[in-house]
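Colleague: One structure is given below, represented as structure tokens, and several questions about it will come after.
The values are calculated or read from the model by the stated rules, or taken from the named source; none is laboratory data. Note that the structure is predicted; figures quoted are calculated from it, not measured. Counting neighbours? That spans all protein chains shown, and the Cβs are built from the backbone with ideal geometry, glycine included. Accessible surface is based on the protein model in full, side chains and every heavy atom, while ligands, DNA and RNA are left aside. Shrake-Rupley method; radii C 1.70, N 1.55, O 1.52, S 1.80 Å.
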Amino acid sequence: MRARLAIIILASLMVLVACSGSTHQFAYITTPFNNGISAYRLDTNTGSFSQVLGSPYQTGISPTAVVIHPSGKFAYVSNAGENTISLYKIGSTGALTEVMPRTNTDQQPAALMMDPGGAFLFAANSFSNTITVYSITASSGAIKLISTPSYPTSGFTPVRGTIAPSGKFLYVANSNSASISGFAVSSTGALTAVPNSPIPVGNGPNWIAIDNSNKFLYVANLEDGTVSGFTIDSGTGALAPMGGSPFGVANTSTAIVPVSSVVVDASGKYVYVTTLTTSSSVYGYTIDVTSGVPTAAITGSPFAAGGTAGFIVPDTTGKLLFVGNQTSNTISGYKITPATGVLTLISTTSTGTAPTAMVVIK
């Protein structure tokens, strides 16, 4: 199970985007094979990266996810190999300074989530099948465990999680039980299971994306090569399957092509899916704004990526998408054509070793 978990984590790690609108942004990328996190200055016009002086920075063992506080002052990294969370202060140049000691989690934290207000940090722990909740001190970024005991996911091996843009609901993908667990988030950070949770999805759910209107949720099912689609009840957070779900991506009559991640663009008009193959691709579809169903393929789809595309993340302006290629050790940068959703490759950046999580901030 541990060996399989390592593979799943490599392909499904937490990616978060915060803030909006800037010519220059900062990108932070985790690289578990050297226990590090790299900081880059990102040019919005060209998609090019320039490494921040002093980067890469040391993390704990096997970093799996990175999130940024809404203030832009603090970064948090989960370290699955030592069951801890690292806190970093972010300097004006984008440089990171770790604040010790690290905070303990349950076993093998795979995903980190933060509410939009930056009051709480949530860790999904793959080996413990739990979610731990921490309060955040706004002035220092320090975190304190407030969930005793931890919240059970009612599913096995949670590898990915996300919070709805509204901050009202949290969802985790349980890879080894083919399900999604949903929780309502209270003003104190407490979690309560939403109706019908956990809900079945395809085999090996590996990624979750929610559109900015809080209406639609999509799940990338690694082992089935499909995407499950749901509508979200705005009052309860309950999930209802879309008509025709799950949706096939690149499967043929003789082969299943695993899908690793999924993202909805900022406009809510397009959904993009990455495949986890030696010559990976990005598949793009238009979204029916009423039902949320992915419909016609975007012209030119699929778009070429590097080897073993493990994640996809937009920049803070919504104009760019970035794909982390884990066997190519690169980040592919694409420009989105707003009117059509067409992706144009504009940059390829070497990361030295496999990139597994990325966050972009203003």
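Colleague: Test A184 against the stated conditions and say whether it is small (G, A, S), closer than 20 Å to I136 by Cα, surrounded by fewer than 20 Cβ atoms within 10 Å (Cβ to Cβ) and over 18 Å from the mean Cα position of the chain (by Cα).
Modeller: Answer is yes for this residue.
Colleague: On the basis of being more than 24 Å from A178 (Cβ to Cβ) and open to solvent by less than 30 Å² (accessible area, probe 1.4 Å), does T295 make the cut?
Modeller: On the way: more than 24 Å from A178 (Cβ to Cβ): yes; open to solvent by less than 30 Å² (accessible area, probe 1.4 Å): no.
Criteria not met by T295.
Colleague: Additional query: Specify the residue that is most open to solvent (accessible area, probe 1.4 Å); the eligible residues are those in the range 338-355 that are outside any strand (DSSP E or B) and under 15 Å from P314 (Cα atoms).
Modeller: Of everything passing the filter in the range 338-355, P338 is most open to solvent (accessible area, probe 1.4 Å).
Colleague: Right, something else. Examine the range 120-136 for a residue that is touching an Asp or Glu at 6+ places or on another chain (Cβ under 6 Å), open to solvent by less than 30 Å² (accessible area, probe 1.4 Å), more than 20 Å from F74 (Cβ to Cβ) and assigned to a strand (DSSP E or B), and state whether such a residue exists.
Modeller: Yes - at least one qualifying residue is present in the range 120-136.
Colleague: Return the only residue of A65, A39, A75, A95 being open to solvent by 10 Å² or more (accessible area, probe 1.4 Å) and not hydroxyl-bearing (S, T, Y).
Modeller: Exactly one of A65, A39, A75, A95 is open to solvent by 10 Å² or more (accessible area, probe 1.4 Å) and not hydroxyl-bearing (S, T, Y), namely A95.
Colleague: Separate question: Given the criteria within 18 Å of the chain's Cα centre (by Cα) and open to solvent by 10 Å² or more (accessible area, probe 1.4 Å), does P302 qualify?
Modeller: Answer is no for this residue.
Colleague: In addition: Would you check which residues across the range 305-327 are touching an Asp or Glu at 6+ places or on another chain (Cβ under 8 Å) and either surrounded by 19 or more Cβ atoms within 10 Å (Cβ to Cβ) or part of a strand (DSSP E or B) (or both) and list them?
Modeller: P314, L321, F322
Colleague: Would you check if there is a residue in the range 329-337 being more than 25 Å from F230 (Cα to Cα), crowded, with 19+ Cβ neighbours inside 10 Å and hydrophobic (A, V, I, L, M, F, W, C)?
Modeller: yes
Colleague: Can you tell me how many residues within the range 253-277 are of a type in the set (V, I, T), within 15 Å of P302 (Cα to Cα) and part of a loop (DSSP other than H, G, I, E, B)?
Modeller: Total satisfying the criteria: 2.
Colleague: Same structure, new question: Return the only residue of M100, M113 being within 22 Å of Y57 (Cα to Cα), surrounded by fewer than 17 Cβ atoms within 10 Å (Cβ to Cβ) and at pLDDT 95 or above.
Modeller: Numbers: M113 fails: surrounded by fewer than 17 Cβ atoms within 10 Å (Cβ to Cβ).
So the residue among M100, M113 that is within 22 Å of Y57 (Cα to Cα), surrounded by fewer than 17 Cβ atoms within 10 Å (Cβ to Cβ) and at pLDDT 95 or above is M100.
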